[in-house]
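The values are calculated or read from the model by the stated rules, or taken from the named source; none is laboratory data. Fair warning: this is a prediction, and the values are worked out from it, not measured in the lab. When we count neighbours, we look across all protein chains shown, and the Cβ atoms used for this are built from the backbone with ideal geometry, even at glycine. To get the accessible areas, we keep the full protein, side chains included, count just its heavy atoms, and leave off ligands, DNA and RNA. Shrake-Rupley method; radii C 1.70, N 1.55, O 1.52, S 1.80 Å.
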Amino acid sequence: EEGAVTVGNGLVSVVVNAADGTFSVDGVAGYNRLVEEGDDGDTYNFSPAPGPARSQPESTEVSVVERGPVRAVVRVVRTYPWEPRTTVTSELDVRADDRVVRVTVALDHRGRDHRIRVVLPVGERVAATTSECVFASVTRTGAEGGRLEGAMPTFPSRRFVVAGPLTVTHQGLLEHELVEGGTAL
């Protein structure tokens, strides 16, 4: 693809799409796609607001910060037309003799009543996720609810989520959800 940036180490190949800042890992495309959605709900659960989810950046800049041989780092800076306008910086890190792609994402968004998720493709159909919770790892296969609360498809994750062949480690308390073709954090 035109303008794409490729880095790899013989074990893993990362191709960054210069148009929108998403990337592929070993041919599975769509990593690093951010989706912003309005929220009409209470302060606890997400409740979709009218209007479309937005995922297209206004501008994208892709640059190679390091090219190896021990480490390759690609920086992706995107600006989104969210309210307020938001700049997101992602750094993709590939190291020699390692199949792990490290991704660091930084943004400061002070908008209200919405959520921003990163969608991560899995490359195959996945029926369950396993995530670390307070005292154990928990496997979930669908929406859960209770007597007084409707079923919700999102679940907490303290440090990791496994969805099929994809394992994501992260800092902080996040929610995850199985979505078409992958998982969203």
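Residue check: is L185 closer than 25 Å to T22 by Cβ, of a type in the set (A, V, I, L, M, F, W, C) and without any contact (Cβ under 8 Å) to a residue 60 or more places away in the chain?
Values: closer than 25 Å to T22 by Cβ: yes; of a type in the set (A, V, I, L, M, F, W, C): yes; without any contact (Cβ under 8 Å) to a residue 60 or more places away in the chain: no.
Criteria not met by L185.
Could you please give the count of residues in segment 164-181 that are modelled with pLDDT under 90 and among the small types (G, A, S)?
Total meeting the criteria: 2.
Can you run down the residue pairs with Cβ atoms below 7 Å, 6 or more apart or on separate chains, where the first is in segment 159-170 and of a type in the set (K, R) and the partner is part of a strand (DSSP E or B)?
If the second residue must be part of a strand (DSSP E or B), the pairs left are R159/E132; R159/T169.
Please go through segment 1-21 and pick out each residue that is touching a strand residue (DSSP E or B) at 6+ places or on another chain (Cβ under 7 Å) and farther than 14 Å from D93 by Cα.
Scanning segment 1-21 gives A4, N17, A18, A19, D20, G21.
Within segment 82-110, which residues are under 23 Å from S24 (Cα atoms) and among the basic types (K, R)? Steps first, please.
Restricting attention to segment 82-110, the residues satisfying the condition of being under 23 Å from S24 (Cα atoms) are 87-107.
Across segment 82-110, the qualifying residues are R95, R99, R102.
Rundown of residues vs (1) modelled with pLDDT of 90 or more; (2) open to solvent by less than 60 Å² (accessible area, probe 1.4 Å), yes/no style:
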| residue | (1), (2) |
| --- | --- |
| V138 | yes, yes |
| G142 | no, yes |
| A151 | no, no |
| V162 | yes, yes |
| T183 | yes, yes |
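So which residues in segment 56-82 are within 20 Å of E36 (Cβ to Cβ) and open to solvent by 20 Å² or more (accessible area, probe 1.4 Å)?
Within segment 56-82, the first condition is being within 20 Å of E36 (Cβ to Cβ), and the residues that meet it are 56-61, 76-82.
Within segment 56-82, Q56, E58, S59, T60, E61, V77, T79, P81 qualify.
Out of segment 47-81, which residues are outside any strand (DSSP E or B) and more than 30 Å from T154 (Cα to Cα)? Before the answer, list the steps.
The first filter runs over segment 47-81 and keeps only residues outside any strand (DSSP E or B), leaving 47, 49-53, 55-58, 68-70, 81.
Passing the criteria: G68, P69, V70.
Let's see how each residue does on (1) open to solvent by less than 50 Å² (accessible area, probe 1.4 Å); (2) outside any loop (DSSP other than H, G, I, E, B); (3) of a type outside the set (S, T, N, Q):
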site	(1), (2), (3)
V88	yes, yes, yes
D93	yes, yes, yes
R102	no, yes, yes
H109	yes, no, yes
V119	yes, yes, yes
V126	yes, no, yes
L178	no, yes, yes
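What number of residues within segment 128-148 satisfy the criterion of being part of a loop (DSSP other than H, G, I, E, B) and either closer than 22 Å to D20 by Cα or of a type outside the set (A, V, I, L, M, F, W, C) (or both)? Full working, then the answer.
In the first step, residues of segment 128-148 are kept if they are part of a loop (DSSP other than H, G, I, E, B); the result is 128, 133-136, 141-143, 145-148.
Subsequent filtering for residues that are either closer than 22 Å to D20 by Cα or of a type outside the set (A, V, I, L, M, F, W, C) (or both) retains 141-142, 145-147.
Total satisfying the criteria: 5.
Could you pull out the residue among A72, A4, A53, A96 that is without any contact (Cβ under 8 Å) to a residue 24 or more places away in the chain and either more than 21 Å from E180 (Cα to Cα) or among the charged types (D, E, K, R) (or both)?
On the way: A72 fails: without any contact (Cβ under 8 Å) to a residue 24 or more places away in the chain; A53 fails: either more than 21 Å from E180 (Cα to Cα) or among the charged types (D, E, K, R) (or both); A96 fails: without any contact (Cβ under 8 Å) to a residue 24 or more places away in the chain.
On inspection, the qualifying residue turns out to be A4.
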